[in-house]
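What follows is one structure encoded as C-alpha cells, with my remarks underneath.
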C-alpha cells in the first residue's frame with residue numbers, strides 16, 4: 001500500500017465540494033410554515049409543504065435575498081433572470097415527489113473564494129472557484145425503525161417527519177479544484193470553514209453542521225500525474241463536521257489509490273462517511289445516472305432581481321473575512337505565526353467574540369489556542385465545536401483578573417463547562433472551587449507545613465530559597481489547590497525571614 | 001315543478017334582493033331537481049344537501065339583518081370536483097383520491113363562499129381533467145341532457161350538464177385544453193376560459209400547471225360575467241396570478257355592442273373536419289355580428305396546425321410531474337400495505353390500481369417526453385411551437401379586436417364512439433387548445449342546433465381583455481335569443497325522473 005506521500009507523488013487529486021446550507025429564514029421556502037429546529041414531528045406543516053393536491057408554492061423573498069447575498073460574498077455574477085426547475089424522483093419523504101430546485105438557470109454563477117492555509121513553506125492562498133449557487137427546498141426526514149442498519153432496507157417500518165420539508169436550502173458548488181496537491185484534505189476543510197465564517201458573518205444561516213444546517217458532499221478523484229485526464233470521482237455524503245471533511249477526503253484518497261494500484265477502476269458512486277471508523281461505505285451507485293427529468297417549474301415565475309436591489313444588497317455585505325482578520329491582527333498586535341495558528345485552528349471568530357465580551361485579546365487567544373484546543377484535540381473535535389462559549393471564556397478570564405480564580409483553578413472551570421456541568425459560575429459552585437484568600441487560613445496552613453517539615457523550614461531560614469518549593473507544595477495540597485501560590489510564597493518567606 | 005330552476009342567476013339575484021324568494025327556496029328547488037334528474041344525467045359526484053341549505057340560511061339571515069350582499073348571494077352553483085373544498089370529498093374524478101376530504105379550500109371556493117354563493121356539490125369530470133367526454137371519470141360517465149346517449153363533453157362535462165339539466169344556474173369549470181369550452185359547446189351553455197393568471201389556481205388540483213385555468217360557466221353571457229367577477233383577481237397564494245385589476249366583464253356583458261369592432265375569423269380553424277351543421281351555425285353567427293356593425297375579416301394563424309401536437313407533449317409532461325404526489329403516503333388510496341411490502345411497492349401498487357387508463361397513458365407519455373436525450377426533441381420543440389402560436393395570436397390581434405371560430409368540429413358524439421381511439425378524442429379540442437398554449441382568453445356560447453344538438457361559437461380575446469368576450473358574446477346572444485325566443489337552453493329537453501335511466 002502506498003503512503004500518503006507516495007499517493008501524492010503518483011497522483012494528482014481533484015476536489016469538488018457541494019455545500020448545502022439551510023437558510024435561517026423564519027418561514028419555509030414556498031409557504032408560511034415556521035422553520036424552527038426540533039419541533040414535534042409534523043407540526044410545522046401546511047397543504048403547500050405537504051404537497052396536498054391543489055396547493056401551490058409561493059416564493060419567500062427573504063430566501064432570495066439571502067441567496068443573492070451569498071452569491072455576492074462569493075464574488076459571483078447574479079443572473080438578471082433565473083428559473084426554478086423541478087427535479088423529479090420518488091421518495092417517501094419528498095411530499096410532491098419532485099423537488100423544486102434550480103437547474104440550468106441558477107441565480108448565482110462563476111464566483112470564487114480565497115482560502116488561506118499555513119503550509120510548511122508559509123501561508124498560502126488557494127483560490128477555490130465557485131461554479132454556481134442555487135436555491136432549492138429541503139426534503140422531509142425518514143426514520144427507519146427496526147432492522148440492524150437503520151437504513152430503509154431491512155427496516156420494519158419508517159416514520160416520516162415533514163417539518164423539514166420546504167426549508168430553504170442553498171447549494172454552493174465549486175468547480176473542479178486542482179493544484180491543492182497534498183493539501184487537498186486540509187484545503188477542503190479550510191474552504192468549508194471559510195465558507196461557514198462568511199455565511200455566519202452574513203447572518204443568513206446558523207451554519208450548524210451537527211444539526212445539518214450546513215452539509216457538505218465531498219467529491220474527489222485521483223488522476224495519474226501527467227495523464228491530463230480527470231479520474232472517476234466518488235461523492236461522499238454524511239460529512240457532518242469540519243474534521244470529517246478532512247478525514248473523509250483523506251480516506252477516499254487512500255481508497256482510490258489502493259484500487260488504482262491494484263488495477264481496478266474506481267466506481268462512480270455516492271458514499272457515506274462513517275464517523276467512527278473514519279472511512280466511507282458505498283451508498284447507491286450512480287453508474288446508471290438517475291434521470292431527474294428536470295423542467296422549468298411552471299408554478300413559479302422566473303426570479304428577476306433588479307440591478308438596484310442587487311446593488312443595495314452588495315452595499316450591505318459585511319467585511320470579507322480575510323480583510324477582517326488582517327484588521328484584527330493589527331488591532332490585537334498578534335505576531336504572524338500566532339495569527340496563522342489561530343486561522344488554522346479556526347478560532348479567529350471565537351477569539352473576536354470573546355474579546356467582544358470584554359476579555360483581553362492576548363488572554364482570549366491563549367485560552368482558545370491553548371487549553372481549549374488541547375481539550376478539543378483529546379476529543380477529536382474542532383475547537384469551534386467545543387461546548388463552551390466565548391461568553392463563558394470571557395467570564396473566566398474576568399474572574400482570574402479579579403483574583404477570584406487562579407490560572408490552575410480556571411482550567412478546572414473550563415474543563416467543567418466543557419464536561420457539561422453548567423456555566424462557569426455553576427461549575428465553581430458545584431465543584432466548590434475558590435481561591436483561599438483568607439490570610440488567617442493560609443497562615444495556619446503554612447504553619448502546619450513548617451511544623452511538619454522543620455528541617456526544610458530551617459534550610460529556607462538559612463537562605464536556601466528554592467527549598468521553599470516543598471513547603472509551598474504542601475500548602476497547596478492542604479488547600480486543595482485553591483490558594484494563590486504566589487501569595488503563599490510571599491507569606492511563607494515572610495514567616496521564615 | 002318550481003319555475004325557479006329555469007331562471008338565470010341574474011333573475012334569481014334580483015328576486016332574492018327584493019326578498020320575493022329566499023335563498024333556501026332557491027337552493028331547495030335546485031336540490032329537488034338534482035334528486036329528480038341526476039340519476040339519469042349523473043352530473044354530480046357529491047351533493048352537499050345539508051351544507052348548501054346551511055349556506056342558504058346564512059345568506060337569508062344576513063339579508064334579513066340588512067347586510068350588504070353581493071349580487072350572487074344565495075344563488076346556487078355546481079363546483080367541478082377538481083377544486084379542493086374543505087371537508088368535502090374531492091376526487092378529481094379519480095379512484096386514487098376516493099375518500100379524501102381536503103383540509104383546506106381553494107381560493108376560488110373561498111371567494112364563492114365570501115360572495116354568498118351556495119355550493120350545491122361537486123361535479124363529475126374526466127379523471128384529472130384528462131378527456132373530452134367524462135368517459136374517463138372513475139365514477140361513471142355523465143350523460144348529455146340534450147340526448148342522454150351522448151357525451152356532455154369533457155373534462156368538465158358534469159358542470160356543463162348540471163347547467164343544461166337545470167340542476168344549477170352557475171357552475172365552475174377548469175380549462176387546460178378546452179375543458180370548459182368544449183362541454184359548453186356540446187351542451188348549449190356558456191363557458192369562459194379567462195386569461196391565464198386571471199383566476200387563482202390555488203386549490204385546483206393541477207393537471208398541466210402552465211395551461212390550467214379556472215373559469216365561470218352558466219346558461220347566459222351575463223350570468224357568466226357575474227360569476228367571472230366573483231372568482232377573478234390576484235392571489236398571493238398563486239405566483240402565476242396576474243396582479244392587475246380584473247377586466248370589467250359585467251359592464252361589457254351589459255353593453256353588448258359590436259358596432260365598429262373588428263372580428264377575425266381564424267382560417268386554420270374551419271373547413272375540413274368541421275361538420276357542415278357546425279359550419280352553417282358558425283356562418284350564421286358571423287352574419288349576425290356583421291349585421292350588428294362589426295367588420296369581419298379572415299386571419300391566418302399558420303402555427304395552429306401544430307397546436308394539438310405541442311399540447312400533447314407539454315400537458316402530459318407537466319402532468320407526469322404533477323401527478324407524482326399521489327403516492328399513498330399522506331392521503332387518498334393505499335393499496336398493498338399489509339406490512340410485508342416496502343414503501344416503494346405500496347406506492348407502485350397504489351398508482352397501478354388508482355389511476356385510470358388515460359391518466360397512465362399521459363403519465364407515460366410525459367415521462368418519456370421529459371427524459372434525458374428526448375427532452376429537446378419533444379418538450380423543447382413543443383415549447384417553441386407554443387411561442388410561435390403566441391406570436392400568431394399577437395400578430396392577429398394587431399389587426400382585429402377578437403378572433404372567432406367554431407368551438408368544436410362536431411356536435412356531441414355518442415357515448416363510447418371514441419373511447420378506443422384516443423387521437424380521435426384528442427381532435428375534439430383542436431380549436432380550443434391554441435388558446436391555452438398562448439394564455440389568452442376565450443368564450444364558447446351557443447350558436448344554435450345541428451340535428452337537434454348544440455353547436456358552440458368561440459370568441460378569443462387578447463390576455464387581460466376578457467371584457468371583449470362578453471361584449472361580443474352578449475351582442476350575439478341577444479340577437480340569437482330574439483330569434484329563438486330565449487337562450488338556447490330554453491329549448492333543452494325537460495328531463496323527467498324516469499328519463500333515460
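Residues to consider are B:253, B:294; find the one that is touching a helix residue (DSSP H, G or I) at 6+ places or on another chain (Cβ under 6 Å), in contact (Cβ under 8 Å) with a residue 24 or more places away in the chain and crowded, with 21+ Cβ neighbours inside 10 Å.
On the way: B:294 fails: touching a helix residue (DSSP H, G or I) at 6+ places or on another chain (Cβ under 6 Å).
None of the other options fit; the residue is B:253.
Hey, can you tell me all the residues within the range B:1-24 that are buried (at least 16 other Cβ atoms within 10 Å of the Cβ) and more than 23 Å from the chain's Cα centre (by Cα)?
Of everything in the range B:1-24, those that are buried (at least 16 other Cβ atoms within 10 Å of the Cβ) and more than 23 Å from the chain's Cα centre (by Cα) turn out to be B:4, B:15, B:16, B:21, B:22, B:23, B:24.
What's the number of the condition residue A:2 fails, among (1) in a loop (DSSP other than H, G, I, E, B); (2) within 14 Å of another protein chain (Cβ to nearest Cβ); (3) more than 27 Å from the chain's Cα centre (by Cα)?
The failed condition is (2).
Among A:101, A:82, which is touching a residue at least 12 places away in the same chain (Cβ under 8 Å), surrounded by 17 or more Cβ atoms within 10 Å (Cβ to Cβ) and within 14 Å of chain B (Cβ to nearest Cβ)? Show your work before the answer.
Numbers: A:82 fails: within 14 Å of chain B (Cβ to nearest Cβ).
Of A:101, A:82, the one residue that is touching a residue at least 12 places away in the same chain (Cβ under 8 Å), surrounded by 17 or more Cβ atoms within 10 Å (Cβ to Cβ) and within 14 Å of chain B (Cβ to nearest Cβ) is A:101.
Assuming residue A:327 fulfils every condition listed in (1) over 25 Å from the mean Cα position of the chain (by Cα); (2) modelled with pLDDT under 95 apart from one, which condition is it?
(1)
Give the residue, chosen from A:108, A:76, that is more than 14 Å from chain B (Cβ to nearest Cβ) and under 28 Å from residue A:291 (Cα atoms). Steps first, please.
Values: A:76 fails: under 28 Å from residue A:291 (Cα atoms).
When all the criteria are applied, what remains is A:108.
Go through (1) within 18 Å of residue B:90 (Cα to Cα); (2) touching a strand residue (DSSP E or B) at 6+ places or on another chain (Cβ under 8 Å); (3) outside any loop (DSSP other than H, G, I, E, B) and name the single condition residue B:155 misses.
Looking at each condition in turn, residue B:155 falls short on (3).
Where in the range A:73-131 are the strands (runs of 3 or more DSSP E), entirely inside, with at least 2 residues that are under 21 Å from the mean Cα position of the chain (by Cα)? I'd like the intermediate steps shown before the answer.
Values: elements: A:85-88, A:98-101, A:108-119.
Filter on the range A:73-131 gives A:108-119.
Within the range B:74-105, restricting attention to residues that are touching a residue at least 24 places away in the same chain (Cβ under 8 Å) and farther than 23 Å from residue B:356 by Cβ, which residue is farthest from the other protein chains (Cβ to nearest Cβ)?
The first filter runs over the range B:74-105 and keeps only residues touching a residue at least 24 places away in the same chain (Cβ under 8 Å), leaving B:74-85, B:88-100, B:102, B:104-105.
If we keep only those that are farther than 23 Å from residue B:356 by Cβ too, we end up with B:74-77, B:104-105.
Working: B:74: 27, B:75: 24, B:76: 23, B:77: 18, B:104: 5, B:105: 9 Å.
Ranking the candidates gives B:74 first.
Report yes if residue A:417 is within 25 Å of residue A:356 (Cβ to Cβ), surrounded by 14 or more Cβ atoms within 10 Å (Cβ to Cβ) and free of Cβ contacts under 8 Å to residues at least 24 places away in the same chain, otherwise no. So that I can check it myself, show each step before the final result.
Numbers: within 25 Å of residue A:356 (Cβ to Cβ): yes; surrounded by 14 or more Cβ atoms within 10 Å (Cβ to Cβ): yes; free of Cβ contacts under 8 Å to residues at least 24 places away in the same chain: no.
Considered against the rule, which asks whether it is within 25 Å of residue A:356 (Cβ to Cβ), surrounded by 14 or more Cβ atoms within 10 Å (Cβ to Cβ) and free of Cβ contacts under 8 Å to residues at least 24 places away in the same chain, residue A:417 comes out as no.
Does residue A:303 satisfy the criteria of being touching a residue at least 40 places away in the same chain (Cβ under 8 Å), more than 30 Å from residue A:387 (Cβ to Cβ) and touching a helix residue (DSSP H, G or I) at 6+ places or on another chain (Cβ under 9 Å)? Outline the logic, then answer.
Numbers: touching a residue at least 40 places away in the same chain (Cβ under 8 Å): yes; more than 30 Å from residue A:387 (Cβ to Cβ): yes; touching a helix residue (DSSP H, G or I) at 6+ places or on another chain (Cβ under 9 Å): yes.
Against the criterion (touching a residue at least 40 places away in the same chain (Cβ under 8 Å), more than 30 Å from residue A:387 (Cβ to Cβ) and touching a helix residue (DSSP H, G or I) at 6+ places or on another chain (Cβ under 9 Å)), residue A:303 qualifies.
Please report, ordered by residue number, the helices (runs of 4 or more DSSP H) entirely within the range B:307-422 with at least 1 residues that are away from chain A (no Cβ under 14 Å) and touching a strand residue (DSSP E or B) at 6+ places or on another chain (Cβ under 6 Å).
Details: elements: B:307-322, B:343-354, B:357-370, B:381-397.
The qualifying helices (runs of 4 or more DSSP H) are B:381-397.
Would you say residue A:56 is touching a residue at least 40 places away in the same chain (Cβ under 8 Å) and at the interface with chain B (Cβ under 10 Å from one of its Cβ atoms)? Break it down stepwise before answering.
Numbers: touching a residue at least 40 places away in the same chain (Cβ under 8 Å): yes; at the interface with chain B (Cβ under 10 Å from one of its Cβ atoms): yes.
Taking the combined requirement at face value, the residue satisfies it.
Could you list, in sequence order, the residues of the range A:279-313 that are at pLDDT below 95 and either assigned to a strand (DSSP E or B) or away from every other protein chain (no Cβ under 11 Å) (or both)?
Within the range A:279-313, A:279, A:280, A:281, A:282, A:283, A:284, A:285, A:286, A:287, A:288 qualify.
How about the range B:109-126: which of its residues are over 14 Å from the mean Cα position of the chain (by Cα) and within 14 Å of chain A (Cβ to nearest Cβ)? Before the answer, list the steps.
Step one: filter the range B:109-126 for residues over 14 Å from the mean Cα position of the chain (by Cα), giving B:109-121.
Scanning the range B:109-126 gives B:109, B:110.
In the range B:123-140, how many are in a loop (DSSP other than H, G, I, E, B), touching a helix residue (DSSP H, G or I) at 6+ places or on another chain (Cβ under 8 Å) and over 20 Å from residue B:231 (Cβ atoms)?
Of the residues in the range B:123-140, the ones in a loop (DSSP other than H, G, I, E, B) are B:124-126, B:130-140.
Within this subset, residues satisfying the condition of being touching a helix residue (DSSP H, G or I) at 6+ places or on another chain (Cβ under 8 Å) are B:124-126, B:130-134, B:136-138.
Among the residues that remain, those that are also over 20 Å from residue B:231 (Cβ atoms) are: B:124, B:126, B:130-134, B:136-138.
The total comes to 10.
Which of the numbered conditions does residue B:71 fail, given that it passes all the others? Conditions: (1) away from chain A (no Cβ under 13 Å); (2) surrounded by fewer than 24 Cβ atoms within 10 Å (Cβ to Cβ); (3) out of contact with any helix residue (DSSP H, G or I) (no Cβ under 8 Å at 6 or more places or on another chain).
The one condition residue B:71 does not meet is (3).
Listed here are the residues, each with its yes/no results for (1) crowded, with 18+ Cβ neighbours inside 10 Å; (2) more than 21 Å from the chain's Cα centre (by Cα); (3) over 20 Å from residue A:426 (Cβ atoms); (4) modelled with pLDDT under 90.
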{"residue": "A:343", "(1), (2), (3), (4)": "yes, no, yes, yes"}
{"residue": "A:349", "(1), (2), (3), (4)": "yes, no, yes, yes"}
{"residue": "A:357", "(1), (2), (3), (4)": "no, yes, no, no"}
{"residue": "A:362", "(1), (2), (3), (4)": "no, yes, yes, no"}
{"residue": "A:365", "(1), (2), (3), (4)": "yes, no, yes, no"}
{"residue": "A:378", "(1), (2), (3), (4)": "no, no, yes, yes"}
{"residue": "A:382", "(1), (2), (3), (4)": "yes, no, yes, yes"}
{"residue": "A:388", "(1), (2), (3), (4)": "yes, no, no, no"}
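All but one of (1) within 12 Å of chain B (Cβ to nearest Cβ); (2) in contact (Cβ under 8 Å) with a residue 24 or more places away in the chain hold for residue A:68, so report the exception by its number.
In the conditions (1) within 12 Å of chain B (Cβ to nearest Cβ); (2) in contact (Cβ under 8 Å) with a residue 24 or more places away in the chain, residue A:68 misses (1) alone.
Of everything in the range A:12-32, what is surrounded by 23 or more Cβ atoms within 10 Å (Cβ to Cβ) and either assigned to a loop (DSSP other than H, G, I, E, B) or within 14 Å of chain B (Cβ to nearest Cβ) (or both)? Give them in sequence order.
A:23, A:28, A:29, A:30
Taking the range A:254-278 only, how many residues are touching a helix residue (DSSP H, G or I) at 6+ places or on another chain (Cβ under 6 Å) and buried (at least 16 other Cβ atoms within 10 Å of the Cβ)? Explain how you work it out, then say what you get.
Start the filter on the range A:254-278 by keeping residues that are touching a helix residue (DSSP H, G or I) at 6+ places or on another chain (Cβ under 6 Å), which leaves A:257, A:266, A:273, A:278.
Now restrict to residues that are buried (at least 16 other Cβ atoms within 10 Å of the Cβ): A:257, A:266, A:273.
Going through the range A:254-278 one residue at a time, the tally reaches 3.
Please work out which residue is surrounded by the most Cβ atoms within 10 Å (Cβ to Cβ), limiting yourself to the range A:126-148 and to residues that are without any contact (Cβ under 8 Å) to a residue 24 or more places away in the chain and away from chain B (no Cβ under 14 Å).
Taking the range A:126-148 as the starting set, the residues that turn out to be without any contact (Cβ under 8 Å) to a residue 24 or more places away in the chain are A:127, A:143-148.
If we keep only those that are away from chain B (no Cβ under 14 Å) too, we end up with A:127, A:148.
On the way: A:127: 11, A:148: 7.
Filtering first and then ranking leaves A:127.
Sort out which residues of the range B:446-467 are surrounded by 23 or more Cβ atoms within 10 Å (Cβ to Cβ) and either part of a strand (DSSP E or B) or over 18 Å from the mean Cα position of the chain (by Cα) (or both), and write them in order of number. Even if it seems obvious, please write down each step before you answer.
Here is the first cut: in the range B:446-467, the ones surrounded by 23 or more Cβ atoms within 10 Å (Cβ to Cβ) are B:446-447, B:454-461, B:466.
Answer for the range B:446-467, where residues must be surrounded by 23 or more Cβ atoms within 10 Å (Cβ to Cβ) and either part of a strand (DSSP E or B) or over 18 Å from the mean Cα position of the chain (by Cα) (or both): B:446, B:447, B:454, B:455, B:456, B:457, B:458, B:459, B:460, B:461.
The values are calculated or read from the model by the stated rules, or taken from the named source; none is laboratory data. Quick caveat, the model's predicted, so the values are computed rather than measured. FYI the Cβ positions are ideal-geometry reconstructions off the backbone, even for glycines, and counts take in every protein chain you see.
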